[in-house]
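The block underneath contains the structure these notes are about, expressed in structure tokens.
Only the coordinates and a few stated rules stand behind these numbers; no lab work does. The structure displayed is predicted, hence computed values, not measured ones. Positions of Cβ are generated from backbone atoms using ideal geometry, with glycine treated the same way; all protein chains shown enter the neighbour counts.
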Ligand code: PNS
């Protein structure tokens with residue numbers, strides 16, 4: 001059983017994430033989409049969606065993918081990988097900025113446990129999509145329906161409703 005983890009904040013999940021989940025799921029026996037959250041960490045309180053809401057939004061997005069599970073973790077990602085016997089981390093990379101951000105984390109995670117990081121290039125179609133931009137556009141009444149699954153667009157509209 002080769003298990004991989006695709007970690008992130010997913011606040012909220014986008015079509016860019018879902019594309020990575022589907023492509024990564026073909027490479028491993030099991031893929032765990034894992035929401036990393038540390039309640040005491042700066043920024044944790046600024047999330048738009050709670051962890052439970054994010055879990056549900058992701059689960060609905062990958063319902064048809066047989067070998068994907070959705071979970072959350074606290075603490076070190078490498079400890080979580082060890083606890084579930086995951087051999088690899090998967091990260092989607094939109095461009096050089098993502099790559100520069102991810103490289104030190106990949107190095108640190110390999111140093112801590114030897115877990116490998118697999119980078120998957122984001123599909124060109126989703127290269128400009130990020131959770132933060134989607135939230136900004138939605139909060140100002142912009143149309144995000146082509147960027148996130150329909151149920152996520154609906155949840156965003158509910159959240160930002162005045
Ligand atoms: O979507 P994000 O915000 O880029 O995801 C970041 C995440 C959750 C992958 C990262 O913050 C993380 O790995 N957090 C767990 C704490 C940890 O292991 N930190 C050391 C990373 S080298």
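Summary of computed values
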read-out: Which listed residue is out of contact with any strand residue (DSSP E or B) (no Cβ under 7 Å at 6 or more places or on another chain), within 9 Å of the ligand (Cβ to nearest atom) and more than 20 Å from residue 147 (Cα to Cα), from 74, 82; value: 74
read-out: Count of the range 19-57 residues which are surrounded by fewer than 20 Cβ atoms within 10 Å (Cβ to Cβ) and either assigned to a helix (DSSP H, G or I) or within 13 Å of the chain's Cα centre (by Cα) (or both); value: 13
read-out: Residue 103, sole failed condition from (1) within 9 Å of the ligand (Cβ to nearest atom); (2) part of a helix (DSSP H, G or I); (3) farther than 25 Å from residue 148 by Cα; value: (1)
read-out: Filtered residue count, the range 32-56, keeping only those that are in contact (Cβ under 8 Å) with a residue 60 or more places away in the chain and within 14 Å of the ligand (Cβ to nearest atom); value: 2
read-out: Any hit, the range 6-18, residues being in contact with a helix residue (DSSP H, G or I) (Cβ under 9 Å, 6 or more places away or on another chain) and away from the ligand (no atom under 15 Å from the Cβ); value: yes
